[in-house]
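The values are calculated or read from the model by the stated rules, or taken from the named source; none is laboratory data. The structure displayed is predicted, hence computed values, not measured ones. No Cβ is skipped: glycine too gets one built from the backbone with ideal geometry, and neighbour counts run over all protein chains shown.
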Amino acid sequence: MALLTCDFFSEALQRGTSMNVVLPQPTQEQIGVSSAASQGPPRVLYLLHGLSDDHTAWVRYTSIERYATERGFAIVMPAVDRSFYANEKAGHAYWDYVSEELPQIVGRFLRVSDDPADTFVAGLSMGGYGALKHAVTHPERYAGVASLSGVADIRQLGERLERAEIVDRVFGGTFGPEDDLFELLAGLDPATAPRLYVGCGTEEDRLMPPNERFVGEARARGLDVTTDFRPGVHEWGLWDAQIQDVLDWMAAT
């Protein structure tokens, strides 16, 4: 595998930004690493970070490079600050950047598949919210979407999660229908929806009840949802284990 750090200018953000990228590199002589055979451009997973992280977090706190090597995935990990993958009311247009500009930049810079059947998005915590927002806003672009310990109910930010600063700075003090996953889910056509994978730790994670509710409403609408509710808290040991199962689930799609 190749691990790249790419620094570039974003028109949507009107500033320089960075992303980490893992690219498949089948090898024969590399010791201790299993590489998947390569035929054509690799499948691509946009892997989103959480609130206190950046584009380096998945590489630093998990073995995502090794997991991707074994399965032949390219992994794109963008930096979005503390934006909740939204167009900030007092800041930058991170939703436009991640959902529209970033795939175009990846297509220009990298040799990866642009087929929706080979395209996936996943994230943890804040990134889980971002991933699910992709699923319910642009369902035709993805074969599968995974959320790990995601903020399924954005209204928790101003309530149980006590993130008033983010509610004010990012969302202007209130949430619109374009921010609420449950409202967006109500307008989603099951015929065009990607497969969903929703995971969360069951031990004292305040995000567990909203994730259960999201799964229930998604299934009630006829969506294909795989759940991964296992013992664990809101931490990297859980996510390192879960992302392996997410990649296997995506590889089987």
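Would it be correct to say that VAL44 is buried (at least 22 other Cβ atoms within 10 Å of the Cβ) and β-branched (Val, Ile, Thr)?
Working: buried (at least 22 other Cβ atoms within 10 Å of the Cβ): yes; β-branched (Val, Ile, Thr): yes.
Here the answer is yes, as VAL44 does meet what is asked.
Looking at region 50-63 only, could you name the residues that are under 13 Å from the mean Cα position of the chain (by Cα) and closer than 12 Å to ILE75 by Cβ?
Scanning region 50-63 gives HIS55, TRP58.
Check whether at least one residue in region 150-165 is assigned to a strand (DSSP E or B) and surrounded by 24 or more Cβ atoms within 10 Å (Cβ to Cβ), and report yes or no.
Applying the first criterion (assigned to a strand (DSSP E or B)) to region 150-165 yields none.
The answer is no; no qualifying residue exists.
Being in contact with a Gly (Cβ under 8 Å, 6 or more places away or on another chain), modelled with pLDDT of 95 or more and either over 19 Å from HIS138 (Cβ atoms) or in a strand (DSSP E or B) (or both) is the requirement here; does LEU51 meet it? Walk me through how you get there before you give the answer.
Values: in contact with a Gly (Cβ under 8 Å, 6 or more places away or on another chain): no; modelled with pLDDT of 95 or more: yes; either over 19 Å from HIS138 (Cβ atoms) or in a strand (DSSP E or B) (or both): yes.
Taking the combined requirement at face value, the residue does not satisfy it.
For a quick check of your reading of the model, give me the residue pairs whose first member lies in region 80-92 and is assigned to a loop (DSSP other than H, G, I, E, B), whose second is buried (at least 18 other Cβ atoms within 10 Å of the Cβ) and of a type in the set (Phe, Trp, Tyr), with beta-carbon atoms closer than 6 Å and at least 6 apart or on different chains.
VAL80/TYR94; SER83/TYR94; TYR85/TYR94; TYR85/TRP95; ALA86/TRP95
Scan region 125-138 and report the pairs whose first residue is on the phi > 0 side of the Ramachandran plot and whose second residue is in a helix (DSSP H, G or I), with Cβ atoms within less than 9 Å and a gap of 6+ or a chain change.
SER125/TRP239
State yes or no: is ALA36 among the hydrophobic types (A, V, I, L, M, F, W, C) and out of contact with any Gly (no Cβ under 8 Å at 6 or more places or on another chain)? Reasoning before the result, please.
Values: among the hydrophobic types (A, V, I, L, M, F, W, C): yes; out of contact with any Gly (no Cβ under 8 Å at 6 or more places or on another chain): no.
For ALA36, the condition - among the hydrophobic types (A, V, I, L, M, F, W, C) and out of contact with any Gly (no Cβ under 8 Å at 6 or more places or on another chain) - is not met.
Looking at (1) in contact (Cβ under 8 Å) with a residue 60 or more places away in the chain; (2) surrounded by fewer than 19 Cβ atoms within 10 Å (Cβ to Cβ); (3) touching a strand residue (DSSP E or B) at 6+ places or on another chain (Cβ under 6 Å), can you tell me which one THR202 breaks?
(1)
Quick one: how many residues across region 191-206 are closer than 20 Å to ARG155 by Cβ and modelled with pLDDT of 95 or more?
Kept after step one, since they are closer than 20 Å to ARG155 by Cβ, are these residues of region 191-206: 198, 200, 205-206.
Next, only the ones that are modelled with pLDDT of 95 or more stay: 198, 200.
Residues flagged as closer than 20 Å to ARG155 by Cβ and modelled with pLDDT of 95 or more within region 191-206 amount to 2.
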